Amino acid sequence: MKNLLLACMVPLFFTACKKDEGEGGKAEINGKLVGRYFCDNTGELLETSAAIGQRVYITYGESTVFDDDVRTSGTGEFSFKFLQPGDYTITALSECVGCPSGTEVVKKSVTIGKKDRDVTAGTLTVDDYSSRACPSNPYRGEATAKGLLRAIYIDRNNGDTVKIEPLPNERVYIALSTEKTHFEDVRSSADGTFRFTRLPIGDFQVYAYSECLICLSEVEAKFLPFSITTATEVAAVGTLTVVVYTSR
């Protein structure tokens, strides 16, 4: 009877000890994102190069949502660290002229074995259609601007500040300093950071929308000016702060 009981318990023990995909392990998945840059006016392919500062997403196991994201480095490389063994999906978003949504998913499946430490996802290639990629476009350059989007959360009932923290997955816009209309926008990453690439020398401003109780539209734009002074500069824009009202 003891042997029978032990035999029944062993599978349960190993099932209970099995860890799901996700963080908390010792492995990492590395890869590279390459961009094909098209002039949207003509459809001409102008350049194929490392996709710098772009978001790459990871999905754990059979999850139906993105579990984390990182931005590519100056060479287009990306890395997801401290992962458990299991199955993962690496995803990037590619622009698509013929797609109803304007974007399509580019993804690769990756499996981390029990003894794996460094696993490669290989190269993912995405397309970028923009008037900025056209040779005659004044907004095209080689500089980069990066910053942080931060939210002040305020209790709408009493006006108290609840918390202040980075604001992920919100749109940040960029415009010339003399204009209010943006020529590009990005979404803030999981840690609230944002990045604009391929900028020319000039004066610019980034902005995001902040909630406003006394405004007719209930939102107002918050601006942060900056300048690009050299062709390959990486400009630190600073922190762009918006207000989010909440009910505790």
Query raised in the report: Got a sec to turn the phi values of region 103-109 into Karplus ³J(HN,Hα) couplings, 6.51 cos²θ - 1.76 cosθ + 1.60 with θ = phi - 60°, whole Hz, x for Gly and Pro?
Result: 9, 9, 8, 10, 9, 9, 8
Query raised in the report: What is the antiparallel percent of DSSP beta bridges lying wholly in region 143-246, to the nearest 5?
Result: 70 percent
Query raised in the report: So how tilted is helix 2-17 from the main axis of the chain? Cα-based, degrees 0 to 90, rounded to 10.
Result: 10 degrees
Query raised in the report: Taking N as the number of residues in region 109-225, what is its Cα Rg relative to 2.2 N^0.38 Å?
Result: 1.42
Report task. Could you list the residues of region 78-96 with an amide nitrogen less than 17 Å from a label point located 7 Å from the Cα of T193 in the Cα-to-C-beta direction? Result -> 78-82
Query - T103 versus N157: modelled label distance in nm, points set 7 Å from Cα along the beta carbon direction - result: 3.6 nm
Query raised in the report: Name the GluC sites (Glu not before Pro) in region 162-248 that are in a loop by DSSP and that have at most 10 other C-beta atoms within 10 Å, would you?
Result: E179
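No lab work stands behind these numbers, since they all come straight from the coordinates. Here the structure is a predicted model, which means the values were calculated and not measured. A quick note on method: Cβ atoms are made from the backbone with ideal geometry, for glycine too, and the neighbour counts reach across all protein chains shown.
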